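Just below is one structure, and these are the notes that go with it.
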Amino acid sequence: MKFRYVRKVATLGLALSLTVGYTQSIASAESKANLENKLDNIKNQQSNNQEKIDSSKEKLSENNKKQNSLIHKLDESQKKIDSINKNIQGKEQDIDAEKQKIKKLEDEIKVITKRINERNEFLKKRIRSMYINGGSVNYIEVIMGSNSFGNFLDRVLALNLIAEQDRQILTDQQNDKKKQESKKQAYQKELTSLEDNLANLKTLKANLDEEKQNQKKLLTQLKAEENDIHDDIMDKQEQEKVLQSQQSIIKNQLAALVKEEEAKKKAEAERQAKERAAVEAAKSAKQSTASHSSSPSISHTQSPAVSHSDPVPSVNADFIKPAAGYISSGFGHRSFDGGFHPGIDIANSIGTPIHAAASGVVSNAYHSSSYGNVVMIAHSVNGKTYTTVYAHMTSYSVSTGQTVSQGQVIGSMGNTGESFGSHLHFELYIGPWTPPPHNGSVNPLNYIH
């Protein structure tokens, strides 16, 4: 499985190296000085971490201001979108009106075209008749062919009427052609206007789409920034919990050290008192022997042996396999994702008991976004400090600062945190636990017997 480990303080192992058990003997003044020095270091780390938390909160406040600004911009964008939609509706109405006008123009042009076609047919017949009759009417022949003066006048009037009708026909034909041309131009103008309106509509639609796209980008950016800052704050708060846990352990060890030193002083005082009492008894016995030389020899009482508390021995150098199951993923670099796996995965069903690999003190027991339910135990093995990590448990049954024995059940196997399937993720460190790149981690299989 692939981990995205939560960033933690790099000096977490400082306190872990101290958690070798409250019952161990810490005899020298240097040990106490070292503990106090390390406690000061933890306090400095807490101070630095608090400064980072305050800085992250300031960033969150600045992010909130940016959010308000972005929300205002989104409101402005929505107003523009609403305005564009309104304009689109107006353009669509204008287009409908233009279509009605075009329909009317088409009907008028049809009427004019029909009149022009009818006159054309009439003029064609007139021209054909004139051609058959040898050309235009000869007015002299019409006059000379008159039977009487009255007939002459009738003929002249008829000729004038025919000529006037021809002129009117030609005039109407020219006017209709001009009107037809004018209507065609108007029709073309309306078409051009319609096309322009359609183009404007498309442009407005494109602007609308662009506004929506910008809106989505702004929302995505806003969400990403908010998540990053919240993750950073949660990470530093988790670091603070780890530091508090280690601080508590060091304080407890200092208290145990003080108690042990007081016990030693008391034992030493009792020893000295016994020695003084023995000396006094010896003097009294000597004086009694000198004054009663005839008495039987008296056996001399020896000073009692001085009692010293022996240091608690280190745990068995062997680590045991912490859970039953098969190794589903080994230690080291993996080819399928290019990542480094700082431990081994032991797969089995949910609820499988998990045991402490060696005796030690629980340095941390908590829930992590990456490890899930996790327990860390510090061990002292042949004078060396080791740390074991048990991750993705369904639950754990120990608490920070608790002393545990090798093989003791500390929890049950699960699938919490960034995990894919029920298993135990088990890590082993020479020294303290360290965050990525997990310097100090070793292959647990080389130490499990």
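No lab work stands behind these numbers, since they all come straight from the coordinates. Note that the coordinates shown come from a computational prediction; the quantities given were computed from them, not determined experimentally. Cβ sites come from the backbone with ideal geometry, for glycine too, and all protein chains shown count toward neighbours.
Of note:
- Packing-based order for 178-187, 418-427, 263-272, using average beta carbon neighbours within 10 Å, highest first: 418-427, 178-187, 263-272
- For Phe319, the residues whose amide H sits under 5 Å from its own are His449, ignoring neighbours fewer than 5 places away on the same chain, with H placed 1.01 Å from N.
- Shown here for the stretch 322-395: chymotrypsin sites (Phe, Trp or Tyr not before Pro) in loop regions (DSSP other than H, G, I, E, B) with at most 14 other Cβ atoms within 10 Å, namely Phe336.
- Amide H to amide H, with H built 1.01 Å from N, Thr400 comes under 5 Å of Ala365, counting only residues 5 or more places away or on other chains.
- Residue-by-residue Karplus 3J(HN,Hα) for the stretch 73-83, coefficients 6.51, -1.76, 1.60, Hz, glycine and proline x: 5, 5, 4, 5, 4, 5, 4, 4, 4, 4, 5
- Cross-link table Lys38/Lys236; Lys66/Lys86; Lys101/Lys183, entries beyond 22 Å C-alpha to C-alpha: Lys66/Lys86
- For the stretch 360-446: rounded, prolate or oblate by the Cα gyration tensor [a/c cutoff 1.5]: oblate
- Shown in residue order for the stretch 337-351 are the 3J(HN,Hα) couplings computed by the Karplus curve 6.51 cos²θ - 1.76 cosθ + 1.60 at θ = phi - 60°: 10, x, x, 9, 9, x, x, 10, 10, 10, 9, 6, 6, 4, x Hz (x for Gly and Pro).
- Relative frequency of Cα-Cα separations exceeding 17 Å in the stretch 174-262, percent: 77
- Segment Lys216-Ser329, extension gain: residue separation times 0.36 nm, minus the distance between their alpha carbons: 36.6 nm
- Amide H contacts of Val381: Tyr386, each under 5 Å away and 5 or more positions distant or on a separate chain (H built 1.01 Å from N in the peptide plane; Pro and chain starts excluded).
- Per-residue HN-Hα couplings for the stretch 249-254 [Karplus 6.51, -1.76, 1.60; θ = phi - 60°; Hz; x = Gly/Pro]: 5, 5, 4, 4, 5, 4
- Span from the the stretch 219-272 Cα centroid across to the the stretch 65-98 one, whole angstrom: 57
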